[in-house]
1. On a 0 to 90° scale, report how tilted helix 9-20 is relative to the longest principal axis of the chain, with both axes built from alpha carbons and the result rounded to the nearest 10.
2. For segment 260-304, what mean projected area does the convex hull of the alpha carbons give, in nm²?
3. For the chain, what is the relative contact order in percent, using Cα pairs closer than 8 Å and at least 6 residues apart in sequence?
4. Treating the beta-carbon of each Lys and Arg as +1 and of each Asp and Glu as -1, no other charges, what is the dipole magnitude of the chain about its Cα centre, to the nearest 20 debye?
5. Alpha carbon centre of segment 28-53 versus segment 214-264: separation in Å?
6. What is segment 188-304's relative contact order, in percent, from Cα pairs under 8 angstrom and six or more apart in sequence?
7. Based solely on C-alpha atoms, express the radius of gyration and the Dmax of the chain in angstrom.
8. Can you give me the angle between helix 34-48 and the longest principal axis of the chain, using Cα atoms only, in degrees from 0 to 90, rounded to the nearest 10?
Amino acid sequence: MRFNQLDLNLLVALDALLTEQSISRAAEKIHLSQSAMSNALARLRAYFDDELLVQVGRRMEPTPRADLLKDAVRDILVRVEATVAQQPRFEPAQSNRLFRLLVSDYTAMTLMPHLLELAYRQAPSVRFDLRHQVANPQRMLERGEADLLIIPKDFCSGDHPAQPLFEERFCCVVWARSRMAEGTLNEARYLSASHVVVQPGDGVALADWFMQQLGVHRHADISTFSFLSQAQLVVGTERIATMHERLARKALRFLPVVTRELPLRMPCMTQMVQWHQHRTTDPGLLWLRALLHDAVAAMDADPG
């Protein structure tokens with residue numbers, strides 16, 4: 001099919017080329033031979049009168065024109081997938097669909113086990129790809145590389161719809177045999193202590209963001225990329241980890257730690273689920289979003 005003399009099939013090839021910046025990887029991604037992908041690139045160069053990708057050393061880098069095209073082409077393909085290619089119905093029991101979710105390790109440990117259990121009962125052949133939240137995860141949502149993003153409200157994109165899932169408080173976790181576990185943990189003791197903090201990728205953890213809003217400075221002796229590791233890293237020390245309360249309760253079952261009330265008036269975190277604006281009526285995502293709310297209820301009913 002052609003539009004303004006452009007073979008629209010070439011848009012799929014162009015998207016793969018601009019994403020992978022490699023002829024061989026792009027060919028593999030959309031199941032073409034390398035020679036067929038090279039031919040597609042030649043036709044695209046002729047149509048746009050631009051090299052699009054140029055060899056720089058061992059890499060191929062996009063031209064300025066290609067940079068301008070990248071997001072526009074991806075948006076077109078996402079729209080096509082969300083409208084033309086979308087199935088009119090979703091039958092969980094018969095589906096083997098793959099859902100791609102962007103989650104933190106906090107979400108993977110607390111909410112995801114309940115979601116997967118409920119999904120298995122209704123749709124045993126449905127598959128899940130839980131992807132780590134890199135910096136600016138909204139970009140993966142916008143490019144159609146993820147179906148849902150589970151993220152604190154404060155970090156949601158304003159360009160796409162979202163729903164609240166649950167609220168989460170913060171608490172302190174300390175080694176059970178430390179001095180911090182004795183007596184009252186007041187604000188003065190908290191601020192004078194050493195802390196284990198989370199630094200996820202290129203971003204900032206919500207607890208740190210809240211602290212910045214409160215004008216609070218902590219002595220961060222240890223930083224880690226993982227929310228799960230915080231409790232482990234205070235063991236044997238006088239340090240404090242400020243953690244999500246649900247995650248802290250799990251740590252109590254396996255580690256020699258205790259929890260203490262956070263002696264600061266820090267807001268609760270509102271955890272949201274967000275999806276691409278073009279996929280609001282996707283039947284599969286409607287099912288999955290409803291199931292997420294059921295999973296929240298199951299999570300909070302779990303005595304463990």
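No lab work stands behind these numbers, since they all come straight from the coordinates. Given the structure is predicted, the values throughout are model-derived calculations rather than measurements. Note: ideal-geometry Cβ built from the backbone for every residue, glycine included; neighbour counts use all protein chains shown.
1. With rounding to tens, the tilt is 40 degrees.
2. Numbers: hull surface 20.4 nm².
Seen from a random direction, the Cα hull of segment 260-304 projects 5.1 nm² on average.
3. On the way: 465 pairs, mean separation 63.6, N = 304.
It comes to 21 percent, rounded to a whole number.
4. On the way: 34 positive and 35 negative charges, 90 e Å.
In total the dipole reaches around 440 debye.
5. That distance is 51 Å.
6. Values: 97 pairs, mean separation 28.3, N = 117.
Relative contact order for segment 188-304 comes out at 24 percent.
7. Rg, Dmax (Cα atoms, Å): 23.6, 77.
8. That works out to roughly 80 degrees.
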